[in-house]
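Note sheet for the following structure.
What follows draws every value from the coordinates through simple rules; no lab data is involved. Note that the coordinates shown come from a computational prediction; the quantities given were computed from them, not determined experimentally. Reconstructed Cβ throughout: ideal geometry from the backbone, glycine too, with neighbour counts over all protein chains shown.
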Amino acid sequence: MTIPDAFEPTISTIGGILAAMAVVAVIETAIPLRARGRWNKDHLAPNLALTFITFATNLFLNAGLLAGLLWLQGRGFGLLNAVSLPPLVEGAIAVALLDFSFYVAHVGMHKIPGWWRYHSVHHSDPAVDVTTTIRQHPVEGLIRYAFMGAFAFALVPSPVAFGVYRLGSALNGLLEHANIRLPLWLDRMLSLVTTWPNMHKVHHSRVAAQTDTNYSNMFSFWDRMFGTFTPSIQGIDIPYGLDGYDDPTAQTTQGLLAMPWRLVEAPGATTAAMQASPREVAGGLG
């Protein structure tokens, strides 16, 4: 496998994600969950800047991971290569377990203060729409790929299964952050299996008890299995963002990149809290 071969699938995926973002943005204008406000305009440039930084880093991370998987598969390594399963069953198992790696990493980024410092960049968005999806600090990308790589190298899924997971994960991420209004019955039904907008909006609440739920990306049953599920009905009127991070200077591209090292005192915060992570300052770990 040549170096250009390793990069090509990721480049194609990035193009598809950008096209899908544009389509979702159009849908948001047609059936918005909430009317666009000042923050929807103000967060656009920094959100897109972080999105393209993530694309640039993921281009190399994904290419390295794919090249490693192909090398391992060619030598018969991996749990999926140790058993004989129909291709569709093997692919379904691979996609589900790779999605579980996302769940595990996501929980870790909420529970480990040092990791939350980076993940707080994503949660500090005062408005949630499709541009929030890939608003993340570059270090968060490293954490996510470390977990995904550990699962992927243990399983060694086929390139097709890995590609299906990466594309499905990205597209579902766009949907779950989208500022779109769905009939409650439809959202409730879909969230029995997959993660949909209202369900994920709960996760972007300023209330820590709500934020520490609904971690799943593609399949909602991880939250149901591990007791971290909150019904999607609660996501209709959620206050987004993090207390203490609404200052416009904190919401610039430079401010977001520096956020992991910025401590803001929340109302009533103690000196000890000022030495904690941004999440602890803003509301405490759940």
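Dimensions of the stretch 96-228 along principal axes (Cα, Å, largest first)?
39, 33, 28
List the residues whose amide H sits under 5 Å from the amide H of THR194, counting only those 5 or more places along or on another chain, with H placed 1.01 Å from N in the peptide plane.
Excluding prolines and chain starts, which carry no amide H, the hits are SER220.
Taking 0.36 nm per residue of sequence separation and subtracting the Cα-Cα distance, how much length would be gained by fully extending the chain between ASP243 and PHE52, in nm to one decimal? Could you put the intermediate results ahead of the total?
Details: separation 191, 0.36 × 191 = 68.76 nm, distance 2.64 nm.
Taking ASP243 through PHE52 to full extension adds about 66.1 nm, to one decimal.
I'd like to compare 211-224, 93-106: which one has the highest average count of other Cβ atoms within 10 Å, and what's the full order after that?
On the way: 211-224: 22.1, 93-106: 20.1.
Ranking the peptides 211-224, 93-106 by packing returns 211-224, 93-106.
Calculate the spin-label point distance for ALA35 paired with ARG188, positioning each point 7 Å from the Cα along the beta-carbon direction, and give it in nanometres.
Reported label-point gap for ARG188 and ALA35 is 2.8 nm.
Could you sort the peptides 27-36, 53-62 by per-residue average Cβ neighbour count (10 Å cutoff), highest mean leading? Walk me through the numbers before you get to the answer.
On the way: 27-36: 13.6, 53-62: 17.4.
Order by mean packing, descending: 53-62, 27-36.
At a 10 angstrom cut-off on C-beta neighbours, averaged per residue, how do the peptides 131-143, 68-80, 148-160 rank from highest to lowest?
Working: 131-143: 21.0, 68-80: 15.2, 148-160: 18.1.
Top of the packing list down: 131-143, 148-160, 68-80.
Hydropathy first: keep DSSP H helices in the chain averaging at least -1.0 on Kyte-Doolittle, then drop any whose Cα extent along the axis falls short of 24 Å, and list what survives. Provide the component values of the computation, followed by the final result.
Values: long enough: 3-30 (42 Å, 1.32); 44-74 (43 Å, 1.29); 87-111 (36 Å, 1.02); 138-155 (26 Å, 1.23); 159-177 (27 Å, 0.55).
Helices passing the filter in the chain: 3-30, 44-74, 87-111, 138-155, 159-177.
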